[in-house]
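The values are calculated or read from the model by the stated rules, or taken from the named source; none is laboratory data. Computed from a predicted model, the values in this text were never measured in an experiment. Counting neighbours? That spans all protein chains shown, and the Cβs are built from the backbone with ideal geometry, glycine included. Only protein heavy atoms, including side chains, enter the accessible area calculation; ligands, DNA and RNA are left aside. Shrake-Rupley method; radii C 1.70, N 1.55, O 1.52, S 1.80 Å.
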Amino acid sequence: ETGVTQSPTHLIKTRGQQVTLRCSSQSGHNTVSWYQQALGQGPQFIFQYYREEENGRGNFPPRFSGLQFPNYSSELNVNALELDDSALYLCASSQADSAFYGYTFGSGTRLTVV
Amino acid sequence: GIQVEQSPPDLILQEGANSTLRCNFSDSVNNLQWFHQNPWGQLINLFYIPSGTKQNGRLSATTVATERYSLLYISSSQTTDSGVYFCAVESNFGNEKLTFGTGTRLTIIP
């Protein structure tokens, strides 16, 4: 059973640029959620994707967008990067439509905006 | 949205000591998980425990859903237990998914 994998592990971008982060869900999971964790804080919910559609969104502006693909992998896109977007971005997968056993998280992508 | 509070915020213990971490939440939940975040940022799932009691080695957890709290017990602490422990819940209502508490930073001194 493969876990949740994220890429890249680290990334440095310039303010105003765009970034794409990627996540492969755990085998057997059909739902992907994205979280932003600023230094010293708990993770904050960005959005969730289920069956390739957004299924819930936290308090993040529209420049945060995502996709889910037929194989359940997902992308997080952030446009017009701001310095405050510097954070650890975590992806989590879970299984809906059946017995639920919680969320499994990847190791994260650490984004630095300069 | 649902509020999640964890206590204490910081805990420093000698190796071998026992500890209890608490998580209070403001609404009924259908999911509660305890995570350990290691120094590299990885969130390790410790327990999926929306209700009841579970044990895994030196760790155990209890959730009393009717009173809206959960406890994580760590016995015979080891230095590798150091890190931040998060409680996260998913409400029965609303659009937001897993909501995290502010965490407890545990430091185990040899």
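Taking the conditions (1) in contact (Cβ under 8 Å) with a residue 60 or more places away in the chain; (2) more than 14 Å from A:Val19 (Cβ to Cβ) in turn, A:Gln48 satisfies each one other than (1).
For A:Ala80, the criteria (1) part of a strand (DSSP E or B); (2) within 22 Å of A:Ile12 (Cβ to Cβ); (3) away from every other protein chain (no Cβ under 14 Å); (4) aliphatic (A, V, I, L, M) hold in every case but one, which is (1). Restricting A:Tyr103, A:Tyr72 to those that are within 18 Å of A:Val4 (Cβ to Cβ), touching a residue at least 40 places away in the same chain (Cβ under 8 Å) and open to solvent by less than 10 Å² (accessible area, probe 1.4 Å) reduces the list to A:Tyr103.
Name every residue in segment A:36-56 that is more than 19 Å from A:Leu83 (Cβ to Cβ), surrounded by fewer than 18 Cβ atoms within 10 Å (Cβ to Cβ) and not polar (S, T, N, Q), in order of residue number. Before you say what the answer is, go through the steps one by one.
Kept after step one, since they are more than 19 Å from A:Leu83 (Cβ to Cβ), are these residues of segment A:36-56: A:42-43, A:45, A:47-56.
Those left that are additionally surrounded by fewer than 18 Cβ atoms within 10 Å (Cβ to Cβ): A:50-56.
Of everything in segment A:36-56, those that are more than 19 Å from A:Leu83 (Cβ to Cβ), surrounded by fewer than 18 Cβ atoms within 10 Å (Cβ to Cβ) and not polar (S, T, N, Q) turn out to be A:Tyr50, A:Arg51, A:Glu52, A:Glu53, A:Glu54, A:Gly56.
Test A:Ser65 against the criterion of being assigned to a strand (DSSP E or B), closer than 17 Å to B:Val89 by Cα and not aliphatic (A, V, I, L, M), and give yes or no. No, not satisfied.
What's the total number of residues in segment A:22-35 that are in a strand (DSSP E or B) and buried (at least 22 other Cβ atoms within 10 Å of the Cβ)?
In the first step, residues of segment A:22-35 are kept if they are in a strand (DSSP E or B); the result is A:22-24, A:31-35.
With the extra rule that they be buried (at least 22 other Cβ atoms within 10 Å of the Cβ), the set shrinks to A:23, A:31-35.
So the answer is 6.
Residues in segment A:51-77 that are among the acidic types (Asp, Glu) and within 20 Å of A:Gln18 (Cα to Cα): A:Glu75 only.
For residues that are hydrophobic (A, V, I, L, M, F, W, C) and either open to solvent by less than 10 Å² (accessible area, probe 1.4 Å) or farther than 23 Å from A:Asn30 by Cα (or both), tally how many sit in segment A:89-100. Outline the logic, then answer.
Going through segment A:89-100, the residues hydrophobic (A, V, I, L, M, F, W, C) turn out to be A:90-92, A:96, A:99-100.
Applying the additional criterion that residues be either open to solvent by less than 10 Å² (accessible area, probe 1.4 Å) or farther than 23 Å from A:Asn30 by Cα (or both) yields A:90-92.
Within segment A:89-100, residues that are hydrophobic (A, V, I, L, M, F, W, C) and either open to solvent by less than 10 Å² (accessible area, probe 1.4 Å) or farther than 23 Å from A:Asn30 by Cα (or both) number 3.
Pairs meeting the criteria (first residue in segment B:40-51 and at the interface with another protein chain (Cβ under 7 Å from one of its Cβ atoms), second residue open to solvent by 70 Å² or more (accessible area, probe 1.4 Å) and not aromatic (Phe, Trp, Tyr), beta carbons under 8 Å, at least 6 apart or on different chains) are B:Gly41/A:Arg110.
Filter segment B:71-110 for residues that are among the small types (Gly, Ala, Ser) and under 11 Å from B:Ile2 (Cα atoms); which is farthest from the other protein chains (Cβ to nearest Cβ)? Steps first, answer last, please.
In the first step, residues of segment B:71-110 are kept if they are among the small types (Gly, Ala, Ser); the result is B:75-77, B:82-83, B:88, B:91, B:94, B:101, B:103.
From what is left, the residues that are under 11 Å from B:Ile2 (Cα atoms) are B:88, B:91, B:94, B:101.
Working: B:Ala88: 8, B:Ser91: 11, B:Gly94: 9, B:Gly101: 6 Å.
Among those residues, the one meeting the criterion is B:Ser91.
Comparison of A:Gln36, A:Gln48 shows that the only residue that is under 29 Å from B:Gly1 (Cα atoms) and touching a Lys or Arg at 6+ places or on another chain (Cβ under 6 Å) is A:Gln48.
One line per residue, one yes/no per condition, for (1) over 10 Å from the mean Cα position of the chain (by Cα); (2) more than 10 Å from chain B (Cβ to nearest Cβ); (3) of a type in the set (Val, Ile, Thr):
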residue: A:Gly40; (1), (2), (3): yes, no, no
residue: A:Gln48; (1), (2), (3): no, no, no
residue: A:Arg51; (1), (2), (3): yes, yes, no
residue: A:Phe60; (1), (2), (3): yes, yes, no
residue: A:Pro70; (1), (2), (3): yes, yes, no
residue: A:Leu76; (1), (2), (3): no, yes, no
residue: A:Ser86; (1), (2), (3): yes, yes, no
residue: A:Ser94; (1), (2), (3): yes, no, no
